[in-house]
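The values are calculated or read from the model by the stated rules, or taken from the named source; none is laboratory data. Bear in mind the structure is a predicted one, so any value in this text is a computation, not a measurement. Because the Cβ atoms are built from the backbone with ideal geometry, glycine has one as well, and the counts that use them run over all protein chains shown.
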Amino acid sequence: MRRVDYGGGDDRIVFVLGWGNRPEHDGVQWLIDRLTDAGYRVSAFELPRTITDFEREYLAPVQSFVDGLDDYRLLSHSTGGLVARHLDTDSSLQTRTYLSPWWGFHADLQNPLVSLAAKLPVSTPILPAETTRAELGSLASDAWVADAPDYAAPTFLREAKRAQNSLPPFDDRDAVFYNPSDPIVSGPTIEDHTPESNRVAFSDGHELFNSSARDDHIDAVLAAVRDGASAL
């Protein structure tokens with residue numbers, strides 16, 4: 001798993017990106033710039049686009065990194081939110097903030113064909129997974145839309161579903177930013193897992209950092225990263 005570090009602050013943020021995101025993508029950089037401007041050192045993790053084992057390929061590399069930190073703040077987006085929910089944490093974790101966590105398949109993926117395909121022991125990306133700018137967020141760059149995965153491997157969906165089915169209890173100190181009408185992940189599942197006082201809704205796509213509403217919410221995101229759900 002690839003990690004890229006930004007900034008030189010004393011307080012570290014571990015940022016686990018979503019499936020397909022790269023640290024260099026414009027929207028991700030927009031958010032990283034806001035975090036480094038606030039004085040943080042950001043360690044951004046880019047998830048592999050194809051896996052066969054959630055714990056070994058997604059969870060273990062991040063777990064190994066945070067286990068070596070004296071203190072840190074955790075930020076995650078989408079599939080990264082699935083990883084962040086599963087991390088074994090202790091008192092070194094200061095806050096945990098989720099952006100559009102993938103805790104449940106969108107209604108469009110909850111059908112017999114997807115369920116059957118996810119059972120195939122195939123690690124080659126063969127299942128259509130193309131996303132549009134409207135789905136990602138209206139500020140998504142041409143470069144990101146072009147680089148976004150067009151296909152997903154059955155093993156990736158299998159491992160994501162398995163991780164979703166074994167989510168640890170929600171920590172009521174955590175903050176969640178989400179789109180109730182998210183076109184990619186399940187908004188209702190996020191609401192089922194998150195108390196109303198711990199969540200903030202936004203509009204325009206799946207990615208807050210590419211949403212036209214991002215400037216309206218960045219101060220709240222920074223406050224949540226700093227102080228947790230109590231800042232909402």
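General remarks:
- Which numbered condition ALA146 misses (of (1) small (Gly, Ala, Ser); (2) free of Cβ contacts under 8 Å to residues at least 12 places away in the same chain; (3) closer than 30 Å to ALA231 by Cα): (3)
- Filter pass, GLY80 being in contact with a strand residue (DSSP E or B) (Cβ under 6 Å, 6 or more places away or on another chain), among the small types (Gly, Ala, Ser) and surrounded by fewer than 23 Cβ atoms within 10 Å (Cβ to Cβ): no
- SER92 at pLDDT 90 or above, over 25 Å from PRO195 (Cα atoms) and surrounded by 12 or more Cβ atoms within 10 Å (Cβ to Cβ): no
- Restricted to segment 123-135, and to residues there that are of a type outside the set (Gly, Ala, Ser), buried (at least 16 other Cβ atoms within 10 Å of the Cβ) and within 20 Å of THR50 (Cα to Cα), the residue that is modelled with the lowest pLDDT is LEU127.
- Selection count, segment 75-101, where residues are within 19 Å of GLU55 (Cα to Cα) and either among the charged types (D, E, K, R) or in contact with a Gly (Cβ under 6 Å, 6 or more places away or on another chain) (or both): 8
- Residue count for segment 157-202 satisfying the condition of being small (Gly, Ala, Ser) and exposed (fewer than 14 other Cβ atoms within 10 Å of the Cβ): 3.
- Residue that is surrounded by the most Cβ atoms within 10 Å (Cβ to Cβ) [pool: residues in segment 102-117 that are touching a strand residue (DSSP E or B) at 6+ places or on another chain (Cβ under 9 Å) and either modelled with pLDDT of 80 or more or of a type outside the set (A, V, I, L, M) (or both)]: TRP102
- The selection criterion, being within 17 Å of the chain's Cα centre (by Cα) and either of a type outside the set (D, E, K, R) or under 25 Å from ASP171 (Cβ atoms) (or both), holds for LEU59.
- The set of residues in segment 140-156 that are farther than 12 Å from ARG49 by Cβ, buried (at least 19 other Cβ atoms within 10 Å of the Cβ) and within 18 Å of the chain's Cα centre (by Cα) comprises ALA140, TRP144.
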